[in-house]
Amino acid sequence: IPLRQRNVMLLAAGFAPAYRERSLSDPELDAVKRALDFMLAQQAPFPALVVDRLWNLVMLNEPAARMMRHFLGLPPDALIPRDGSINVLKLTLDPNGLRPCLVNWEAVGADLLQWVQREAMGDGPGSESTRLLDELMALPGIAAAARQPNLERLALPFLPMTLRKDDLELNLFTSITTLGTPHDVTVHELRLESFFPADAASRAWFEAQAA
């Protein structure tokens, strides 16, 4: 049972919550933030980012910022907010965000929605996760894509993500890392998503950008 839900059950039973929920900027989480900074740095020259349980962006490395700037058409020195104001799922699936560059957005969208659906089921009606799910499902084409089975996608060892803009095409896959034995709600819900090149050409582009 996630720590957040444990607190909810304790409150319902008339007890105080057992687990604190701190901001990532809290001095007590300095060691956690340093560990995340280290993992982000080690992932270079490939992208990595840290999100909370609702996929709000709280940290990212420079390769991730560079990739976002490129596909969103932002200036090379544009700042990418790290304060949770960017929701990675919305940015990915919104027709005004990354979706025009995401070749296989239907398959990616169907898989991403599963993360939010699990949170919404645990949190119940009226929760932040339920509202996020409703916002995502309201985006054009998302509901239809989520209902459409894709047997070819399920047969692959991982879900590829193909980004294409002008003459550049990047084929990527990702891994999700969580922190072990957390005693804090915030720490328990943080996820580090690391992007890896799925072919030599994609690897070469990231390495050239870092040179």
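The values are calculated or read from the model by the stated rules, or taken from the named source; none is laboratory data. Just so it is clear, the structure is predicted and the values come from calculations on it, not from any experiment. All Cβ positions, even for glycine, are placed from backbone atoms using ideal geometry, and neighbour counts span all protein chains on display. These area figures cover heavy atoms from the full protein model, side chains too; ligands, DNA and RNA do not enter into them. Shrake-Rupley method; radii C 1.70, N 1.55, O 1.52, S 1.80 Å.
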Members of the range 192-211 found to be open to solvent by less than 60 Å² (accessible area, probe 1.4 Å) and without any contact (Cβ under 8 Å) to a residue 24 or more places away in the chain, listed by number: 204
Odd one out for residue 80, checked against (1) in contact (Cβ under 8 Å) with a residue 24 or more places away in the chain; (2) under 27 Å from residue 188 (Cα atoms): (1)
Scope the range 36-50; condition surrounded by 13 or more Cβ atoms within 10 Å (Cβ to Cβ) and assigned to a helix (DSSP H, G or I); matching residues: 36, 37, 39, 40, 43
Test set (1) of a type outside the set (Ser, Thr, Tyr); (2) in contact with a helix residue (DSSP H, G or I) (Cβ under 9 Å, 6 or more places away or on another chain); (3) modelled with pLDDT under 80 - residue 179 fails condition number: (3)
Qualifying residue in the range 52-71 (condition: closer than 22 Å to residue 171 by Cα, among the β-branched types (Val, Ile, Thr) and modelled with pLDDT of 95 or more): no
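Residue-by-condition table, conditions (1) under 18 Å from residue 163 (Cβ atoms); (2) of a type outside the set (Asp, Glu):
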| residue | (1), (2) |
| --- | --- |
| 34 | no, yes |
| 39 | no, yes |
| 43 | yes, yes |
| 47 | yes, yes |
| 60 | yes, yes |
| 63 | yes, yes |
| 68 | yes, yes |
| 71 | yes, yes |
| 77 | no, no |
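What helices (runs of 4 or more DSSP H) lie completely within the range 58-141 and have 3 or more residues being on the phi < 0 side of the Ramachandran plot and among the charged types (D, E, K, R)? Lay out the reasoning, then the answer.
Details: elements: 62-72, 88-93, 105-123, 128-137.
Answer list for the range 58-141: 62-72, 105-123, 128-137.
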Whichever residue in the range 7-27 is loosely packed, with under 11 Cβ neighbours inside 10 Å and part of a helix (DSSP H, G or I) and, among such residues, is modelled with the lowest pLDDT: 12
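Given the options 140, 76, name the one that is out of contact with any strand residue (DSSP E or B) (no Cβ under 9 Å at 6 or more places or on another chain), closer than 21 Å to residue 46 by Cβ and open to solvent by 70 Å² or more (accessible area, probe 1.4 Å).
76
Which count do you get for residues in the range 89-106 that are touching a residue at least 40 places away in the same chain (Cβ under 8 Å) and either within 14 Å of the chain's Cα centre (by Cα) or under 15 Å from residue 143 (Cβ atoms) (or both)? Walk me through how you get there before you give the answer.
Residues of the range 89-106 that are touching a residue at least 40 places away in the same chain (Cβ under 8 Å), as a first pass: 89-90, 93-95, 98, 101-106.
Then drop every residue that is not either within 14 Å of the chain's Cα centre (by Cα) or under 15 Å from residue 143 (Cβ atoms) (or both), which leaves 89-90, 93-95, 98, 105-106.
Adding up the residues that qualify gives 8.
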Residue list for the range 55-72, filter: open to solvent by 20 Å² or more (accessible area, probe 1.4 Å) and in contact (Cβ under 8 Å) with a residue 40 or more places away in the chain: 58, 66, 70
Hits in the range 104-130 (condition: open to solvent by 50 Å² or more (accessible area, probe 1.4 Å) and small (Gly, Ala, Ser)): 126
